């Protein structure tokens, strides 16, 4: 379900967690792209074909920390990079909205570090699989 939500209050999953609150009190949502299998006409399949041959679209989604989706931008070709899909959403979709001043979206390293996006520091390992060796 896509919902409109409060931009000013820190989400309870962050506000009530003393480990997260000091660092993420101004983080209001998470933004990421994901590949979704798709059916497209044969003439368009090459644009949607992934490296391993599957056909998919790249979907950009923004959600709160209780998994409520507040924005979805679907239909981009699967071969498009997440940053390109974000640029398309910003420039072509009036429903996309930036956080208010002082707030930000948490994003992954595929995105640029804009004022309202917090990208992980590249020199640090963040995924459990990377710690395991």
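The Cα-based radius of gyration and maximum Cα-Cα distance (Dmax) for the chain are 16.5, 53 Å. For helix 82-92, what angle does its Cα long axis make with the longest principal axis of the chain, in degrees from 0 to 90 and rounded to 10? Approximately 90 degrees, to the nearest ten.
Look at the alpha carbon pairs under 8 Å that are at least 6 residues apart: their mean separation over the length of the stretch 12-131 gives a relative contact order of 23 percent. Placing dummy labels 7 Å off each Cα toward the beta-carbon, the span from residue 51 to residue 72 is 2.7 nm.
Mind giving me the FRET efficiency for residue 110 and residue 42? R0 is 25 Å, r the Cβ-Cβ distance, nearest 0.05 is fine. So, using R0 = 25 Å, E works out to roughly 0.30.
Length gained on full extension, residue 83 to residue 34, computed as 0.36 nm times the residue gap minus the Cα-Cα distance: 16.5 nm.
If r is the Cβ-Cβ distance from residue 20 to residue 93 and R0 is 35 Å, what FRET efficiency results, to the nearest 0.05?
On the way: r = 30 Å, r/R0 = 0.85.
Step by step, r from the Cβ atoms, then E = 0.70.
Values in this text are rule-based calculations from the coordinates and carry no lab data. Only a predicted model underlies this, so the values are computations on that prediction, with no experimental measurement involved. Counting neighbours? That spans all protein chains shown, and the Cβs are built from the backbone with ideal geometry, glycine included.
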